[in-house]
Each structure stands twice: as structure tokens, then as C-alpha cells.
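Structure first, commentary second.
The values are calculated or read from the model by the stated rules, or taken from the named source; none is laboratory data. Remember, predicted model here, so these are calculated numbers, not experimental data. Cβ: placed from backbone, ideal geometry, glycine included. Neighbour counts: every protein chain shown. For the accessible areas, the whole protein counts, side chains as well, though only heavy atoms, and no ligand, DNA or RNA atoms are used. Shrake-Rupley method; radii C 1.70, N 1.55, O 1.52, S 1.80 Å.
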Amino acid sequence: MPNLALDGESWLLVLTGAGVSAESGLPTFRDANGLWERHRVEDVATPEAFERDPALVWRFYSQRRAAAEGCRPNAGHLAIAEVERRLGDRFLLVTQNVDGLHARAGSRRVVELHGSLFTSRCSRCDRDPFPDDRLYERDLPECDACHARIRPHIVWFGEPLFPADIHRIDSFLRAARAGRPVFLAAGTSGNVYPAAGLVHQARATGAETWLVNAEPAENGAAFDHFVQGRGAGILPRLLGP
Ligand code: BV8
Ligand code: ZN
């Protein structure tokens, strides 16, 4: 089993996707039985869908809130939290997952690139997003300030990423040039951009690039190393001292 052989010079940027939470019991998106087999993206994960049928969109995200609350971080999440404790500020985790499991495993330097299941915000005014774990079926929430609909704090298809997140990733990669940059993607199919382009950005800073995934990824050609298999088994050994 390979090991990243991280040392005092290493800077590690980790990108995770749904495959990392699969062994906690959460469905991925694009596999057989994945979420996109049962729901059309255009019906539940676009701003147009929310305009058209907010109750359907809230049911989808309420079900996922309940599912995420009912499961626990697995050995893959824990290994990622552990390596952060060793590297400190030379570590950054970028997750496409919205399930909150990395934070529950102890990760602190986390960019939730596609938002969070447990945060909501107004769909119109610029009041701050707020923590929210309620389940909505028919009575949909409204903003106290402007009475517009409250929406999940999720980056839907066709929406831009949060500028502060992009800035944080860019700053980390710039700082990493001072040492030995390493990029690791885990449990992600490499289908969704801009996240799938991060490996190219990391390569441009000179990073060695690793992929851990159950199957070859769409952007697999950009990685120096591919370890095929399950994250919960591989990550503790790959990231271990
Ligand atoms: C934007 C919401 C610009 C969160 C999600 C071409 C045509 C049309 C559009 C585009 C295009 N090229 C680029 C785009 C843009 C589009 C895009 O990428 N489309 C793709 C599909 C072509 N991107 C966007 O729209 C983005 N925004 O570009 O904005 C802009 C600029 C200015 C102004 C306006 C706009 C926004 C993207 C955000 C998408 N949000 N969902 C939610 O509800 O959860 S996407 C969804 O996909 C999830 O967030 C998810 O995290 C993400 C990525 O999927 P993965 O995590 O990789 O999951 P997947 O199921 O695919 O793969 C899991 C892998 O794990 C599998 O390979 C499997 O084998 C493996 N696995 C399984 N078990 C295990 C395992 N591996 C290891 N261990 C295991 N146990
Ligand atoms: Zn409002």
C-alpha cells in the first residue's frame, strides 16, 4: 500500500466527494442507485427548480438532512482529520460534500465548496446564512426581513462558487509553493466543475497529484498516482505517518 510520505516540508490539499461518505451510508450521485438515478438534477438542484417547485426541492434537501444526521463519520473522514492535526496550516480540505461529516470527524480547515445541508439563507436579501437543521415539507420558511423564500445554502448547478472559498484555495496553493505541494482527491468522479479542475490548478503549482477512488475518474489522466478502492480502507494507510 503506497503512502504519501508527508514530512515537515509537505503542504497537503485534499478534495473529497461523495465516495468518502458512501461508507457512512450516504448515497453518491452518479453511481447505480445514486441520487441522480432517483431524481433529475434539473428538478431538485438548480435555481430554476427552486423557483418552479420549492416544496419538492425542500423535500429533497430535508430528506438528505435527516439521512446525514443519522449517520457517522467513517475511517476515511477520521484519517483526513488526523493528518490535519499533524500538518496544521500546511493542510486544507476542500469538500464537495454538504453532509457535515468532515467537521463531525474533527476537520477544522474545511472549505465546503458546494455549501452545507445544515445552513439556509434568504433567496433574495443579503442577510447572513444561518444554521438550520429543520425539515420542511409543506410549510416553507420565509425571511423575517424581506418575506422572500428561505433556501438551502447549497451551490446549485449553474450557480457560481462562493468567492471567499475560491480565494482561500488560491491563497493556500500560493503559500504551498514555499514547500512541497501534494494534492489528493478522494471519492469523486471528476465530473463536476470547477471542482474537477482543481487537480490542474494544483499541478500548475508543482503539486504531486494522487487519486483514491473506487473506479477511474473522468479527469483521471491528470493524476500522477491512482489508488483504486474504498476510501475508508485506503485513506488511513495512505495518510498515516
Ligand atoms: C458553475 C449540489 C459558473 C449539492 C452539486 C458543461 C455543460 C454544462 C455545464 C457545465 C459544463 N462544464 C462545466 C459546467 C458547469 C457545471 C458542471 O460542472 N456540470 C457538469 C455536470 C458538466 N458546474 C456548475 O454549474 C457549477 N457552477 O460552473 O458556475 C458560473 C459563473 C458565474 C456565474 C454563474 C455561474 C456549480 C456546480 C455545483 C454543483 N452542485 N450539487 C448537493 O445537492 O449535494 S453537484 C454534486 O456533484 C454534489 O455536490 C457532489 O459533491 C458533486 C460532485 O460529485 P461527486 O462528489 O464526485 O460524486 P459522484 O457520485 O459523481 O462520484 C462519487 C465517486 O466516488 C464515484 O466515482 C465512485 O466510484 C466513488 N466511490 C463510491 N464509493 C466509494 C468511492 N470511492 C472511494 N471509496 C468509496 N467507498
Ligand atoms: Zn430576505
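Some points to look at:
- For segment 122-218, chymotrypsin sites (Phe, Trp or Tyr not before Pro) are listed when DSSP marks them as loop and at most 14 other Cβ atoms sit within 10 Å of their Cβ; the list is F157.
- Ligands, DNA and RNA are left out, and with a 1.4 angstrom probe the accessible area of the chain is 48 Å² per residue.
- DSSP bridge orientation in the chain - percent antiparallel, rounded to nearest 5: 25
- Per residue convex hull volume, Cα atoms of the chain, in Å³: 117
- Inter-centroid distance (Cα atoms) of segment 63-131 relative to segment 177-198, Å: 17
- Where GluC sites (Glu not before Pro) in DSSP loops with at most 11 other Cβ within 10 Å are excluded, longest remaining stretch of the chain: 10-136
- With respect to the chain, whose longest principal axis is taken over its alpha-carbon atoms, helix 163-176 is tilted by about 0°.
- Over segment 1-103: Rg over Rh, Cα atoms, Kirkwood Rh: 1.07
- Counting only protein heavy atoms and a probe of 1.4 Å, the accessible surface of the chain is 49% carbon and sulfur.
- For the chain, the longest principal axis of the C-alpha atoms and the axis of helix 54-69 are separated by about 40°.
- Available extension along the chain between A178 and L140 is 8.7 nm, counting 0.36 nm per residue and deducting the alpha carbon span.
- The chain: calculated mean residue ellipticity at 222 nm from DSSP helix runs of at least 4, using -39500 (n - 2.57): -9500 deg cm²/dmol
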